[in-house]
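See below for the structure under consideration.
The values are calculated or read from the model by the stated rules, or taken from the named source; none is laboratory data. Everything numeric here is computed off the predicted structure, so don't read it as measured data. Don't worry about glycine lacking a Cβ; one is built from the backbone with ideal geometry, like all the others, and counts go over all protein chains shown. Heads up: the accessible areas ignore ligands, DNA and RNA and are worked out on the full protein's heavy atoms, side chains in. Shrake-Rupley method; radii C 1.70, N 1.55, O 1.52, S 1.80 Å.
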Amino acid sequence: MAHKTTEYQAFSHQILTWYRENPRDLPWRGIVDPYKIWLSEIILQQTRVAQGLPYYYAFVETYPTVKDLALAPEEEVLRLWQGLGYYSRARNLHACAKSIWFEMGGEFPNTYDELLKLKGVGSYTASAIASFAYAEVKAVVDGNVFRVLARYFGIDTDIASSPAKKEFEALANQIIPKDQPGEFNQAMMDFGARLCTPKNPGCESCPLKDSCFALLHNMVSDLPVKVNKIKIKERHLHYYVIKCGKNWVWKKRTSGDIWEGLFDFPQVESGTGDIAPAMEIPSSSAEETQHLPKKYRHILSHQRLNAVFSEVEIAEENLSKLENWCEEEGFMLVEESRIEYLAKPKLIVNFLNDQGI
DNA sequence: TTCCCGTCTA
DNA sequence: TAGACGGGAA
């Protein structure tokens with residue numbers, strides 16, 4: 001396949017040339033510390049650079065080394081992650097740091113295969129760290145790479161399917177120059193992010209415009225092929241915001257649902273939202289449900305949440321009853337000034353902001 | 001509405 | 001192998 005090798009070399013040469021003139025200025029570029037590269041890559045999973053950037057700065061500042069992260073309490077890590085979404089990333093990040101520090105002697109894994117064993121590190125992230133920090137020849141395949149390869153080579157495999165991942169990884173690993181794998185990987189992602197964009201790509205100024213399959217066949221807007229089949233679930237949550245003086249009742253969310261490890265309020269879920277669900281709260285009466293319920297709609301990728309917040313005031317003389325109830329139900333009383341230190345879903349942050357908290 | 005496709009899990 | 005997992009921006 002001599003002609004293919006030549007074609008691939010021409011392709012990677014063009015991409016690298018473009019990259020040298022058009023690199024994104026990112027804070028982790030040129031960094032060789034695998035810890036910081038790992039941090040940046042986990043933060044950037046499913047996340048736009050602009051959104052992840054402040055979190056990267058905060059994490060590097062708060063936890064400059066893997067040791068600092070390992071010694072931090074998980075709740076503090078989740079609080080710093082608040083608002084970024086996909087919270088399992090933060091839990092896995094922290095669990096990995098502990099494992100690297102306490103079980104691996106603080107030695108960061110330094111091969112693709114070893115990196116892949118870390119929780120939350122899949123083939124993309126393992127390739128990124130291995131190529132950036134250790135110059136291992138492993139091609140990254142993220143959304144940008146899918147798009148660039150699908151368009152240039154005219155691949156119409158559904159990129160949401162399982163075989164697509166293998167097909168694109170195999171191709172990218174054929175193309176990647178063995179003498180500068182990290183540069184090439186960054187070049188591909190920047191090229192996809194800045195020029196070969198999902199909408200309105202810069203084909204007129206593209207260095208590959210004479211050989212791009214999609215452009216030559218007028219298929220730029222048709223590639224890559226992505227079959228969207230997410231089912232969106234409609235949910236109705238009724239939250240009870242229970243206060244006793246300056247104490248609020250909070251609930252730490254458990255596994256098996258969204259927002260694991262984050263804090264919100266005691267809650268009842270109903271199928272339709274038509275019927276106002278009831279919750280047995282000690283020492284409260286109808287008159288003590290002070291304000292009109294506040295309604296919020298919150299959109300996630302797989303769920304549409306319709307949340308209603310009812311405020312319940314408990315007389316301070318009933319504090320000990322409330323404490324017992326919290327104990328039984330697995331709730332916790334949190335003093336108002338401590339609320340800001342809890343890791344909370346965006347929905348709850350929005351509600352609190354509207355309350356002036 | 002579509003894009004962020006990355007990883008884990010059932 | 002499909003579905004779950006966030007939140008913001010274009």
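Model label sites at A:Lys178 and A:Glu269, defined 7 Å from Cα along the beta-carbon direction, differ in position by 5.3 nm. For A:Lys199, the lysines whose Cα falls under 20 Å of its own Cα, not counting residues fewer than eight places away in the same chain, are A:Lys209, A:Lys226. Quick one: plug the Kirkwood hydrodynamic radius of segment A:233-354 (C-alpha pairs) into Stokes-Einstein at 20 °C, 1.002 mPa s, and report D in µm²/s. Diffusion coefficient, whole number: 143 µm²/s.
Using heavy-atom solvent-accessible surface (probe 1.4 Å) with all chains present, what is the largest-first order of A:Leu300, A:Leu322? Don't jump to the answer; show the numbers that get you there.
Working: A:Leu300 45, A:Leu322 0 Å².
So the residues, ranked largest to smallest area, are A:Leu300, A:Leu322.
FRET efficiency for the pair A:Arg297 and A:Arg24, taken as 1/(1 + (r/R0)^6) with r the Cβ-Cβ distance and R0 = 35 Å, rounds to 0.50. Compare the Cα positions of A:Gly122, A:Thr157, A:Ala133 along the charge dipole of segment A:105-165 (+1 at Cβ of Lys, Arg; -1 at Cβ of Asp, Glu; about the Cα centre) and return the one farthest towards the positive end. Checked the options; the winner is A:Thr157. Report note on the peptides A:188-198, A:49-59: ranked by the mean count of other C-beta atoms within 10 Å, highest first, their order is A:188-198, A:49-59. With a threshold of 27 Å on the Cα-Cα distance, the over-threshold entries among A:Lys119/A:Lys165; A:Lys138/A:Lys233; A:Lys4/A:Lys178 are A:Lys138/A:Lys233.
If one computes P(r) from the Cα atoms of chain A, what percent of pairs lie at distances over 39 Å? Of all Cα-Cα pairs in chain A, 31 percent lie more than 39 Å apart.
Dipole size of segment A:2-222 about its Cα centre, with +1 on Lys/Arg Cβ and -1 on Asp/Glu Cβ: approximately 240 debye, rounded to the nearest 20.
Heavy atoms only, probe 1.4 Å: what % of the accessible area of chain A goes to carbon and sulfur, would you let me know?
Details: 9170 of 18380 Å².
The computed percentage sits at 50.
Taken as Cα centroids, segment A:59-104 and segment A:193-259 sit 24 Å apart, rounded to the nearest whole angstrom. Principal semi-axes of the equivalent ellipsoid, √(5λ) from the alpha carbon gyration tensor of segment A:27-103, are 18, 15, 10 Å from largest down. Shown here: segment A:156-267, whose C-alpha atoms stretch 70, 34, 30 Å along the first, second and third principal axes, sorted largest to smallest.
Would you mind getting the accessible area per residue of chain A, heavy atoms of the protein chains only, 1.4 Å probe, in Å²?
Details: 18380 Å² over 357 residues.
On a per-residue basis, 51 Å².
In order along segment A:9-18, the phi-based Karplus estimate (6.51 cos²θ - 1.76 cosθ + 1.60, θ = phi - 60°) of 3J(HN,Hα) comes to 5, 5, 4, 5, 5, 5, 4, 5, 4, 4 Hz; Gly and Pro are listed as x.
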